[in-house]
1. How fast does region 170-254 diffuse by Stokes-Einstein, in µm²/s, taking the Kirkwood radius from C-alpha pairs at 4 °C and 1.567 mPa s?
2. Give me the log10 of I(q) over I(0) for region 1-148 at q = 0.21 Å⁻¹, as the Debye formula computes it from C-alpha points; what are the numbers?
3. Taking 0.36 nm per residue of separation and subtracting the Cα-Cα distance, what length does fully extending THR191 through LEU216 add?
4. Could you sort 113-119, 141-147 so that the peptide with the highest average Cβ count within 10 Å comes first and the rest follow in order?
5. For region 101-254, with the dipole built from +1 on Lys and Arg beta-carbon atoms and -1 on Asp and Glu ones, taken about the Cα centre, which of GLY114, ALA239, LEU140 lies farthest toward the positive end?
6. Using bins 5 angstrom wide from zero, how does P(r) for the chain break down, in % of all Cα pairs?
7. Using only the alpha carbon atoms of region 113-254, find the Kirkwood hydrodynamic radius as the inverse mean reciprocal pair distance, in angstroms to one decimal.
8. Over the chain, what is the relative contact order in whole percent, taking alpha-carbon pairs under 8 Å and six or more residues apart?
Amino acid sequence: MRLRWVGLVCMGAWLAGCASTPTLSHQTRKLLELRTALGVGYMRSGQLGLAQTQLAQALSMDPTNAAANSAMAIVEERLGESAKAGHYFRQGLAHHRHDGSLQNNYGAFLCSHGKIQEGIRHFKAALHAPLYPTPQLADLNMGVCLLKIPNKLEAVHYFHQAQALAPQLAGPYYYLAQIHYDNHEFQRAKTNVREYFKLARSAQGYLLGVKIGRALKEAKLVHYCATRLLSAYPHTAQARVVETWQREGRLLGH
């Protein structure tokens, strides 16, 4: 599962409160927000070229804009242009170092490129930003990043913080289920994966459910997760694992 880019979650609220250069006219600010919103919309639909065009126009009006820089960075990262992505993140942070959303996104970027300690510093900066609207995402990303060290104990702390702030956020339940499974705490793993399934579906989640069911020798849980994995995500690596177990007669273990 991926780290969470806040720009795709709450960009609308972010744009509304986004600080722009004070000398921009009201009309220019509105046009900048429109271009940024269009860019985010195209990004969401996978039309990265169109997103890039709209965001470039927004940045031509205000190269310091936090939302436009963060969105452009995400687009460039998806296009495989990591160096350009880093440039836009740093350009935004040069003018908005207290912007929690931008700090979180840059932290996620750094962590995904193996720069764990740098990423953690930016997540901490996000969590200390007084006006950051979604600290649960920085908590979640911090936990994911800590697992790469690995530091499971501290990761669990941040996953619990994310749950306390946003019980409807699915990610912490998945990662806690994985940690408990790895620690052979299978009942606790089952509790968390069931909570995860109330909020989200994924190939990774269903495979984890199969593994937990096998460990507990619970055929019902194994079949539930295996059936949904193979029907909803038939071409994934996770589905191939389950198909192999089925073919070898090992779906229920051994």
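1. On the way: Rh = 12.4 Å.
Translational D for this selection: 104 µm²/s.
2. -1.31
3. Details: separation 25, 0.36 × 25 = 9.00 nm, distance 1.23 nm.
Contour length minus Cα-Cα distance gives 7.8 nm.
4. Numbers: 113-119: 15.3, 141-147: 25.6.
Output ranking for 113-119, 141-147: 141-147, 113-119.
5. Towards the positive end, the residue furthest out is ALA239.
6. Taking every Cα pair in the chain, the percentages come to 1, 7, 12, 15, 15, 14, 12, 9, 7, 4, 2, 1, 0, 0.
7. On the way: mean 1/r = 0.0624 Å⁻¹.
Its Kirkwood hydrodynamic radius stands at 16.0 Å.
8. Numbers: 351 pairs, mean separation 27.3, N = 254.
In percent, rounded to a whole number, it is 11.
No lab work stands behind these numbers, since they all come straight from the coordinates. Because the structure is a prediction, the values reported are computed rather than measured. All Cβ positions, even for glycine, are placed from backbone atoms using ideal geometry, and neighbour counts span all protein chains on display.
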